[in-house]
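The values are calculated or read from the model by the stated rules, or taken from the named source; none is laboratory data. These numbers were taken from a predicted model, which means no experiment stands behind them. Cβ placement follows ideal geometry from the backbone for every residue including glycine, while neighbour counts extend to all protein chains displayed. Just the protein is used for accessible areas: all its heavy atoms, side chains included, with ligands, DNA and RNA removed. Shrake-Rupley method; radii C 1.70, N 1.55, O 1.52, S 1.80 Å.
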Amino acid sequence: MLDIKDAPKRATNLSLNSKLLDIAKELGINLSQTVDALLEQEVRRRLREQWLERNAGAIAQYNARIEREGTFSQQWRSFAKDER
């Protein structure tokens, strides 16, 4: 799990569209919070993509096995139906 909530803040420089920045300021948007939240979303999305790419083979094998053999609970469901 990505544990980033308690990480300290670090100053950085960004180059942003000046008109967009002016409008955001007029609207009272907290730029640090907004960029932090959007950056977190993008980081999580990319980490998820990387994980899926690295594990694609295992996921495909698992799905093929389930397609072929079913799941453990499917066996019990059919047993319970026979009992009625």
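The sole residue among Arg84, Arg68, Arg77 that is open to solvent by 90 Å² or more (accessible area, probe 1.4 Å) and modelled with pLDDT of 90 or more is Arg68.
Hey, could you check region 24-60 for residues that are under 15 Å from Lys9 (Cβ atoms) and among the polar types (S, T, N, Q) and say which is least open to solvent (accessible area, probe 1.4 Å)? First the steps, then the outcome.
Within region 24-60, the subset under 15 Å from Lys9 (Cβ atoms) is 30-37, 39-40.
Then keep just the ones that are among the polar types (S, T, N, Q); that gives 30, 32-34.
Values: Asn30: 74, Ser32: 91, Gln33: 126, Thr34: 56 Å².
So, considering only residues that are under 15 Å from Lys9 (Cβ atoms) and among the polar types (S, T, N, Q), the one least open to solvent (accessible area, probe 1.4 Å) is Thr34.
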